[in-house]
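Each value in this text was obtained by applying a stated rule to the coordinates, not by laboratory testing. Keep in mind that this is a model prediction, so the values were computed, not measured. Every residue, glycine as well, gets a Cβ built from its backbone with ideal geometry; the counts of neighbours run over all protein chains shown.
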Amino acid sequence: MKIYEYSKCSTCRKAIQFLESKKLKFERIPIVDKPPSMSELKKMLQFIKDEGGSIKNLFNTSGEQYRELKVTDKMKAGLSEIEALKLLSTNGKLIKRPFLISEHFGITGFQPELWNNLFKG
């Protein structure tokens, strides 16, 4: 299991503490220095779609980069899924974090109740 995180993000720190408290094994990856690969982004997108979400759920919509790059306008103008994934794969600050992925699941953001359900027992 990998967690892509940003060290200055308090939500990411809470997610790391959560995983450590459950004594789970995971690999920490700095999301800005090494964004998820295209294949990881595609896999996460599929997990998100399986839950009724869309490509927008991969974006850190409250982030400065999202606003500076006018991603909302690009999406309205017809940014394709592949173009969006390419953009995400080259700019870790655009990705909703923390970004937790494994072979069997993926989740973005940290909501303790969802994470508790995911890691029961």
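Worth a mention:
- Length added when fully stretched, residue 1-residue 86, from 0.36 nm per residue minus Cα-Cα: 28.4 nm
- Distance from the stretch 4-36 to the stretch 68-91 (C-alpha centre basis), Å: 24 Å
- Label-point gap, in nm, between residue 24 and residue 75 - each point 7 angstrom along Cα→Cβ: 2.5 nm
- Rounded to 5, the percent of DSSP beta bridges in the chain classed as antiparallel: 65 percent
- Cross-link table 2/76; 22/70; 25/74; 23/49; 49/74, entries beyond 27 Å C-alpha to C-alpha: 2/76; 22/70; 25/74; 23/49
- Among 38-45, 63-70, the order from most to least packed when residues are scored by Cβ within 10 Å on average: 38-45, 63-70
- Diffusion constant of the chain at 20 °C, which comes from Stokes-Einstein with the Kirkwood Cα-pair radius and 1.002 mPa s, µm²/s: 147 µm²/s
- Global geometry of the stretch 6-69, whether rounded, prolate or oblate, following the gyration tensor of its Cα atoms and the 1.5 cut on a/c: oblate
- By average C-beta atoms within 10 angstrom, highest first, the peptides 98-108, 52-62: 98-108, 52-62
- Across the stretch 96-109, coupling constants 3J(HN,Hα) worked out from phi with the 6.51/-1.76/1.60 Karplus curve, θ = phi - 60°, read 4, 10, x, 10, 10, 9, 9, 5, 10, 7, x, 8, 10, x Hz, and Gly and Pro carry x.
- At R0 = 35 Å, FRET efficiency that the Cβ-Cβ distance of residue 64 and residue 120 yields, to 0.05: 0.45
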